[in-house]
Structures are given as structure tokens and as C-alpha cells.
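Pasting in a structure now, in C-alpha cells, and then I'll have a few things to ask.
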Amino acid sequence: MAIGFNILLIMIFLLFGSVFAATELALVSLRSSQIDRMEMQDARGARVAKIARDPNTFLSALQIGVTLSGFLSASFGESALAPYVVPLVCSWGVPKHVAGPLTTIFLTLIISYCSIVISELVPKRIAMQRSEQIARAVVPAVDIFSKICKPLIWLIGKNTNGFVRLLGFDPNEKESEVSDEELRVLVNSNKRLSQDERNILDDVFDASETIVAEVMRPRADVEFLDGSLSLEEAAAKIRELPYSRYPVIGKDFDDVIGFVHVRDLLDVRDPNAKTVADVTREGISLPGTSKLLPSLELLRKRGIHLAIVIDEYGGTDGIVTLEDMTEELVGDIRDEYDLPDETEQSNANKTTAFVNGVAKIDGGMTIEDFADITGIELEDGPYETVAGYFLAHTGSM
């Protein structure tokens, strides 16, 4: 009966250790977003958040609990079970002066093994899967234990901070932010996301470094409307074109006064309007070096679908539309009036780029598309297109 009671006590010590170990990993595993959400849910969640935001206190308290449980299970277990095991070892013909140390080593190894499995690995494995639930379940007890051990925690905290400073680190520094690469890994390893969802998120990460000049339509490919054109002339012209919005110019291409929608030309509400300039809407200009995502948000907030892209001298470099920007995130968006050869020809080029070793390439093609089609990667530089590459290296075309 006595040996059974002693074994039960050892198991209780091991289980106490498992609670502390599981709580430690559960609190450490909580993400900032989880902590914020739990804090807003209820009083217990707020209690968890308070403790989780003070790692110096909860780590010290839990480490005290883990160490104390391990010490009690090992020391008590060896001293309580040795009197029953030593006679058994002696009965095998082992001298008593050898049986004592041998029993101590044997019991210590057995209890240590049980401690590793029961008090460390199993609870931590569970805590990794149920961190929030475990934190909610045990945090009141941990809070009470922390208050009981407060003097010891204070001493441990001071000593810990001292050693951290001695090693050249700041004890008050918070956890490092998650990098873009770590976010990519999290997204790509999340099995709950479909491949399409992962691709879109990857494009969003890529777009954070993309500038407007990389997605704009170059000036040479833009259909401009002269502001002095009569509404009848402009309406006749746009009937032959596939676009819904057009930039409007004044004296030259660098004098863009705004833009018009086809409805502005086909359904004129102002009886006094005679020319395109009379129905032109106010537009905005964006430097080509503007980041894509902030520019997309700017157009969205202002309800504008087209912006003029300007170069470093203030001249017109091209245009960018809300659709151009969105396509960087979700891929090509085609409607009923898109030119059929815009993407089909691009796909055809991928298999017919070279004929007898010679390739015909559009000078306005981006260097990224050029690499996809030909397999030749051009070096980066102050250009976005194949024509820009040749101009930069030869000075002429």
C-alpha cells in the first residue's frame, strides 16, 4: 500500500510539471492577434492577455513550477522507492554497497524518462495544438502561483535581465516582427488555403515592392483625346476603340487636363458643352516611382479609375488604371471589349518567339515578359521595357 501511495505522489508531481510545461508553451505560442482578440472577449481572456504580455513574470513563475515539480518527483521518487528496490537488487546477488548506488541511478533514469515524456513532450505537443484553450483553462491558477512566488520571481527577473545585458542584448526588447519571407512561408504551408488563394496572397506580397511604372501603359500605347475635339468627332472616334476611359490633352501630350468616360461623350447632360474639354473630368497624376498598393488605395478612395503617370520631369510617361493595378493582385481581368489578341498573342509568342533562331519582340514588352518568352534574363537597370534596355546600352534604336 505504501509503495502504491508513493508512486501516486510521484505521478502527481509529474502531472503538476506537465501543467506548468503546457502552460508555458501555450502562452509563448499565442500570437499578438490572438491575445488582442481574447482580451476583447471576456474577463478570463483579458486575464490571459495581461499575463501573456508580461513574459518576464509568467516565464519565471512557470519555470519555478517546472523545476520544483521535477525536483520533487526525482528526489522524492528515489528516496521513497529505493527501500523497496535495493533488497530486490541484493536478492540478485549484487553486494549491498553496490546495490544502493545502482538503484539510485536506475530510479533517477526511470523517473527522468517519465518526466521527459509525461511532464515535457506530451503536454507541449498538446499545447502546440490547443494553445488558446489551455491558456484559458489554467491561467487563473498560474496567476495565483505567480503572486505566491512574487519575491522569488522578482529576484530571478533581476538576475535574468542582468545576464541578458551582459550578453549584449536588451531585456526590454519585444519579439521581432514577422518578416515578409516568414509570412510567405506561413501562407504557402497553410493547407486550409486553396492554391488560388495562395497565389493571390503571393501576388499581394510581390505588389508591396512594385511601382506604378511597372504596371502602367506606356504613352506610345495610349489613346489620347484632344480637348478641342467636338463631341461628335470624339464620339465617332471612340466607337472604333475598345476602351471606356480616355485621357484628354490640351496643347500637347504633357498637358493632360483630365479624362473622359465614354458616357460623357455619348450621353451629354450639359447643353452648353461643345468640345471634349467641356465634359472632361478632373484626374490625378502619379509619379512612376509611386508604390502600387498605396496608389491603388488612393484611386479607390477617390473613386477614380484612371491616373496619369508622370516622369521625373513632370512629363506624361503613360497611364495606369484601377484594372491594371488590380490585375497585379488577381491576374488578368478580361471583359467583352478587350482586344482578343492582347493575351492570346502573348501566349502564342511563348511557343513561336524564335523562328530559325530569330525572335520578333515588341519594344514595349517588359523585361520580365521577355525573360518568360525567350528564357533570356536582361540585367536590371533604369528601364522597364526591352526598348528601354537597348536605349540604355546603345543610346539608340
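The values are calculated or read from the model by the stated rules, or taken from the named source; none is laboratory data. Note that the structure is predicted; figures quoted are calculated from it, not measured. Cβ coordinates were reconstructed from backbone atoms using ideal geometry, including for glycine residues, and neighbour counts include every protein chain displayed.
Go through the residues of region 279-289 one by one and say whether even a single one is surrounded by 15 or more Cβ atoms within 10 Å (Cβ to Cβ) and over 46 Å from the mean Cα position of the chain (by Cα).
No: region 279-289 contains no residue that is surrounded by 15 or more Cβ atoms within 10 Å (Cβ to Cβ) and over 46 Å from the mean Cα position of the chain (by Cα).
With at pLDDT 85 or above, among the hydrophobic types (A, V, I, L, M, F, W, C) and in contact with a Leu (Cβ under 6 Å, 6 or more places away or on another chain) as the only criterion, which of A137, A127 stands out?
Answer to the selection: A127.
Which one of these does G70 not meet: (1) on the phi < 0 side of the Ramachandran plot; (2) surrounded by fewer than 19 Cβ atoms within 10 Å (Cβ to Cβ); (3) over 35 Å from the mean Cα position of the chain (by Cα)?
Result: G70 fails condition (2) only.
Output the qualifying pairs, or none if there are none: Cβ atoms under 8 angstrom, residues six or more apart or on different chains, first residue in region 3-32 and closer than 14 Å to V122 by Cβ, second residue outside any helix (DSSP H, G or I).
Sorted first by the residue in region 3-32, then by its partner, the pairs are A26/R130.
Also, quick follow-up: Six or more apart or on different chains, Cβ under 8 Å: which pairs go from a residue in region 92-111 that's in the same structural domain as G70 (by TED's automatic domain parsing) to one that's polar (S, T, N, Q) and surrounded by 11 or more Cβ atoms within 10 Å (Cβ to Cβ)? Could you list them?
I111/S73
Let me ask you something else. Considering each residue of region 126-174, count those that are exposed (fewer than 12 other Cβ atoms within 10 Å of the Cβ), part of a helix (DSSP H, G or I) and within 30 Å of the chain's Cα centre (by Cα), and give that number.
Summing the residues that are exposed (fewer than 12 other Cβ atoms within 10 Å of the Cβ), part of a helix (DSSP H, G or I) and within 30 Å of the chain's Cα centre (by Cα) in region 126-174 gives 1.
For residues that are of a type in the set (A, V, I, L, M, F, W, C) and not in a helix (DSSP H, G or I), scanning just region 211-239, find the one that is farthest from I310 (Cα to Cα).
L229
Does S75 satisfy the condition of being surrounded by fewer than 18 Cβ atoms within 10 Å (Cβ to Cβ) and farther than 24 Å from S112 by Cβ?
So S75 does not fit the description; no.
Counting residues that are among the small types (G, A, S), which helices (runs of 4 or more DSSP H) fully inside region 1-90 reach at least 3?
It comes to 2-29, 43-52, 55-90.
Determine which member of the set R31, R37 is at pLDDT below 85 and within 25 Å of the chain's Cα centre (by Cα).
R31
Give the residues of region 33-48 that are free of Cβ contacts under 8 Å to residues at least 40 places away in the same chain and closer than 20 Å to K124 by Cα, sorted by residue number.
Result: I35, single match.
While we're on this one: Please enumerate the residues belonging to region 80-108 that are more than 53 Å from the chain's Cα centre (by Cα), among the hydroxyl-bearing types (S, T, Y) and within 26 Å of S119 (Cβ to Cβ).
The answer is Y84, T103.
Now for a different question. Consider region 256-273. How many of its residues are modelled with pLDDT of 90 or more and either among the aromatic types (F, W, Y) or assigned to a loop (DSSP other than H, G, I, E, B) (or both)?
Of the residues in that region, 1 qualify.
I've got another one for you. Quick one: what pairs do we get from region 188-204, first residue not assigned by TED's automatic domain parsing to the domain that holds L329 and in a helix (DSSP H, G or I), second among the aliphatic types (A, V, I, L, M) and surrounded by fewer than 14 Cβ atoms within 10 Å (Cβ to Cβ), C-beta under 7 Å, 6+ apart or different chains?
Filtered contacts from region 188-204: I200/V330.
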